[in-house]
Amino acid sequence: MRSSNPVFSRRGFSRDNGYAGFNAQPQAGGPAVGTQANPYAQGNPYAQGNPYAGQQAPTNPYAQQDLQGAPPQAPVTTGRMTMDDVVMRTATTLGVLVVTAALAWALLPVDDANIGKSYGIAIGAALVAMLLGFVQAFKRTASPALILGYAALEGVFLGVVSSVVDNRIANGAAMQAVLGTMAVFLAVLVAYKAGWIRVNRRFYGFVMAATLGFVLLMAVNLLFAVFGGGDGLGFRSGGLGIMFGIIGVLLGACFLALDFKQVEDGIAYGAPREEAWLAAFGLTMTLVWIYLEFLRLIAILQGND
């Protein structure tokens, strides 16, 4: 499994491409300059010099004029991705997801008479969202329409699932899962900015290996549940379910750190502004992962399982 965020698999944000060194600064036409050699220079489009270095900034018409009495210099427009771009696109994507989740919660009842129909709509929305995600992952450019469509359909799925858990299994579970997801996001952000989390090659390899094992175990458990009935191998219920839920949250937190590093490198190496949509897409998928793991944990802890 290349990444929990397939959008990163074919573009400059690819986790398989590795990461540029910490505190690296881009140098036009050359590799990043840092305190030590970058062990991930091969394969990382941002680590082999700035791929956008050939794009020259607009010439300042006042550069040759005497500064005294000259009009103020206009800010240079580079069309490069900034942190503000990432924040705005991520907020937009998450906003669409939250709105559709709220609408699904309100308009798709989960009482005994309607739960089957609502579940059917939710599963259909999740499958289409997965398809849109794969299409975006294999596109060469970011498509805001695909990304927002994914967010809208994923919101429908989350709204129904959250309503089922909150109304039929564990009252208040949805809000607790939201708070838990926000707490993990803020904790990882603080730890990353403070340097407590070092995203290096060893960290990346460990997260990828752990995620692959986790996904394979969950797939086997699902197959046993489908064909054998019950809870399969028990990885999603009882004590094992709690343990695997915690592991799932921790893996999501690790992917957040990888996401932050990719965004930081993209900004440092002058990725084009539209790449901010890919960053928003990846962050949204990671947050959805963490939310679902929290929701499952709360359902096990407060439910009858």
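Read-outs throughout are calculated quantities, based only on the coordinates presented, and are distinct from any laboratory measurement. Computed from a predicted model, the values in this text were never measured in an experiment. Cβ atoms come from the backbone with ideal geometry, glycine included; neighbour counts cover every protein chain shown.
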**Study point:** Cα-based reach from LYS139 at 28 Å (exclusive), listing lysines while leaving out same-chain residues under 8 positions away
**Key:** LYS261
Exercise for review: Treat each spin label as a single point 7 Å out from the Cα along the C-beta direction, and report the LYS193 to ARG168 distance in nm.
Suggested key: 4.1
Revision key, fill the gap. Residue by residue through segment 269-281, the couplings from Karplus 6.51 cos²θ - 1.76 cosθ + 1.60 with θ = phi - 60°, in Hz, x for Gly and Pro, are 9, x, 4, x, 4, 5, 5, 4, 5, 5, 4, 4, 4
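Can you compute the FRET efficiency between ARG140 and MET83 using 1/(1 + (r/R0)^6), with r the Cβ-Cβ distance and R0 = 25 Å? Round to the nearest 0.05.
On the way: r = 24 Å, r/R0 = 0.97.
The formula returns an efficiency of 0.55 here.
Starting with the highest mean, order 236-243, 113-120, 151-158 by the number of other Cβ atoms within 10 Å, averaged over the residues of each peptide. Kindly include the intermediate steps, with their values, before the conclusion.
On the way: 236-243: 15.5, 113-120: 13.4, 151-158: 25.0.
The peptides rank, most packed first, as 151-158, 236-243, 113-120.
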Revision key, fill the gap. Once both label points are put 7 Å beyond Cα along the C-beta direction, the ILE242-MET182 separation in nm becomes 2.6
Point to revise | Gain in span if fully extended, ARG201 to ILE121, counting 0.36 nm per residue against the direct Cα distance | key: 24.7 nm
Check your understanding: Simple spin-label model, 7 Å along Cα-to-Cβ: VAL98 to LEU222 in nm?
Key -> 2.8
Review point. Mind listing the phi-derived Karplus ³J(HN,Hα) values for segment 90-97, rounded to whole Hz, using 6.51, -1.76 and 1.60 with θ = phi - 60°, and x for any glycine or proline?
Key: 5, 4, 5, 5, 5, x, 4, 4
Review point. In segment 214-305, which GluC sites (Glu not before Pro) fall in coil by DSSP and have 16 or fewer other Cβ atoms within 10 Å?
Key: GLU274
Review point. Once the other residues with Cβ under 14 Å from the Cβ of ARG198 are scored (Lys, Arg +1; Asp, Glu -1), what is the net sum?
Key: +3
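Work through the residues other than VAL249 whose Cβ is under 12 Å from its Cβ and net out their charges, Lys, Arg +1 and Asp, Glu -1. Let's see the in-between values first.
Values: positive: ARG296; negative: GLU293.
Residues close to VAL249 contribute a combined charge of 0.
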